[in-house]
Amino acid sequence: MRVAGPMLGRILAAAASRRSMPTEPAESTTALAGLRSRIWAHATDDAGNHAAATLETGEGYHAAAHSAVRAVESLFSNPRVGALTPVQAFGSGFALLLPDTRIREL
């Protein structure tokens, strides 16, 4: 049994893994596709001028994952050195590279 034990464990683990894989998208995956994240920003200078805008993108965790991948791709294609703000590193339009993202000035 000592010889068969580890092999039997691997066979059972493989069978359980195959059975636990979904054949169609989970309900939660479909539900997440309809979720949106919105950010509102407002700024005022010393002269009293105002500017406001909203950014709308997909579900927060998916948007964060997409932005991380885009950032790494950008760094591979155009390496940068030093401590930079996101705008310095990727440009002011970086957020618009994310799927289904838009900025609206108010």
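So if each residue of separation counts as 0.36 nm, and I subtract the Cα-Cα distance between residue 78 and residue 96, what length gain in nm does that give?
Extra length available between residue 78 and residue 96 comes to 4.6 nm.
What FRET efficiency would be calculated for the residue pair residue 14, residue 44, taking the C-beta separation as r and a Förster radius of 35 Å, to the nearest 0.05?
So, using R0 = 35 Å, E works out to roughly 0.05.
Rule-based calculations on the coordinates, nothing more; no lab input. No experiment lies behind these values; they were computed from the predicted model shown. A quick note on method: Cβ atoms are made from the backbone with ideal geometry, for glycine too, and the neighbour counts reach across all protein chains shown.
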